[in-house]
Amino acid sequence: MLEQLKKEVYEANMLLPKHGLVTFTWGNVSGIDRESGLFVIKPSGVEYDLLTPDDMVVVDLDGNKVEGRYNPSSDTPTHVVLYNRFPKIGGVVHTHSAWATSWAQAGRDIPCYGTTHADYIYGEIPCVRNLTKEEIEEAYEKNTGVLIADEFERMQKDYIAVPAVLCKNHGVFTWGKDAHEAVHNAVVVEEVAKMAARCELINPQVQPAPQELQDKHYYRKHGANAYYGQPGKNNKEEERSC
């Protein structure tokens, strides 16, 4: 079942240690087949160097395991909520990558200080609040997803233009059109988190990049008038091939 998607999700999971985004088993990637309403996710607690495509677990949009010899990731309920609430996404990543998670532990949004950030994410990367004691005890992982989706709605943030969030005292979630793009966005978040932290060390009075510069860099790669890259090619494919 969903053998091609299992392969793609497996490959996307293997990119996490390759890019230094995970330590031990601190992360997971999923990808969804919207036609069937099923998604594939990494199994819980299995070391990356032991994984195979056949180990990926198939889950439905109610969170029920459909196929797989392992239990799915413990973060599966969060992925379920994000797929249901963000219907245009095709992949989700969760990591505890060091720089981005440092901002999450500090409870701070990551400001847009430069064009690298603006090329991928419109405005700051938000850090959502802690779950309450009741939310944690009731359904921790599910309520993490509910909190993310509710906060994006409250802040009127476009989840396509802002494909990432920090969860206070926890870690990072990113998403994209598929599992590989979600990983790509996770790498970007880690790099801009690192640059933003260093930027504040060098100049504690630093201000976000001018809005007109942020707009120029975001919209030259996104939207109807985008002109970055070559016609007919996916920008992320180009970047991978550079």
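Points worth noting:
- Mean residue ellipticity (222 nm) of the chain, computed from DSSP H runs ≥ 4 via -39,500 (n - 2.57), nearest 500: -13500 deg cm²/dmol
- Carbon/sulfur fraction of accessible area - the stretch 81-202, other protein chains in place, 1.4 Å, %: 50 percent
- Expressed in units of 2.2 N^0.38 Å, where N is the residue count, the Cα radius of gyration of the stretch 54-185 is 1.04.
- Each peptide in 179-189, 74-84, 205-215 receives the mean, over its residues, of other Cβ atoms within 10 Å, and ordering these scores from highest gives 179-189, 74-84, 205-215.
- In sequence order, the stretch 197-206 has phi-based couplings of 5, 5, 4, 5, 5, 6, 9, x, 9, 4 Hz under the Karplus curve 6.51 cos²θ - 1.76 cosθ + 1.60, θ = phi - 60°, and Gly or Pro positions carry x.
- Across the stretch 49-97, the convex hull enclosing all Cα atoms gives 103 Å³ per residue.
- Viscosity 1.002 mPa s, 20 °C: Kirkwood-radius Stokes-Einstein D of the stretch 106-155 over Cα pairs, µm²/s: 173 µm²/s
- Per principal axis, descending, Cα span of the stretch 10-67 in whole Å: 32, 17, 17
- The tail of the calculated P(r) for the stretch 122-207, taken as Cα-Cα distances beyond 22 Å, holds 34 percent of the pairs.
- Note on K142: lysines with a C-alpha under 25 Å away, same-chain residues under 8 apart excluded, are K6, K42, K65, K88, K133, K157, K168, K177.
- Residues whose amide H falls under 5 Å from that of I125, counting only those 5 or more places apart or on a different chain, are I110, with hydrogens built in the peptide plane.
- Sequence-ordered 3J(HN,Hα) estimates for the stretch 84-100 from the Karplus curve with 6.51, -1.76 and 1.60 and θ = phi - 60° stand at 6, 8, 10, x, 8, 8, x, x, 9, 10, 10, 9, 10, 4, 4, 6, 5 Hz, glycine and proline given as x.
- The trypsin sites (Lys or Arg not before Pro) found in the stretch 1-86 that occupy coil by DSSP, while having at most 16 further C-beta atoms within 10 Å, are R34, R69.
- Rounded to whole Hz, the Karplus (6.51, -1.76, 1.60) HN-Hα couplings of the stretch 120-135, x for glycine and proline: 10, 10, 8, x, 5, 8, x, 10, 8, 5, 5, 5, 6, 4, 5, 5
- Taking only the alpha carbons of the chain, we obtain Rg and Dmax values of 17.5, 54 Å in that order.
- For E67, residues with placed amide H under 5 Å, excluding near neighbours: V58
- Among S73, S102, S36, residue whose mean-square fluctuation peaks in a GNM of the chain (springs only between Cα atoms under 10 Å): S36
- Projecting the Cα atoms of V183, V9, S30 onto the charge dipole of the chain, computed from C-beta unit charges around the Cα centre, puts V183 farthest toward the positive end.
- The alpha-carbon atoms of the stretch 4-112 define a convex hull whose volume equals 115 cubic angstrom per residue.
The values are calculated or read from the model by the stated rules, or taken from the named source; none is laboratory data. Since we're looking at a predicted model, the values are computed, not measured. Glycine gets a Cβ as well: all are built from the backbone with ideal geometry, and neighbour counts include every protein chain shown. Please note that ligands, DNA and RNA were not included when accessible areas were found on the heavy atoms of the full protein model with its side chains. Shrake-Rupley method; radii C 1.70, N 1.55, O 1.52, S 1.80 Å.
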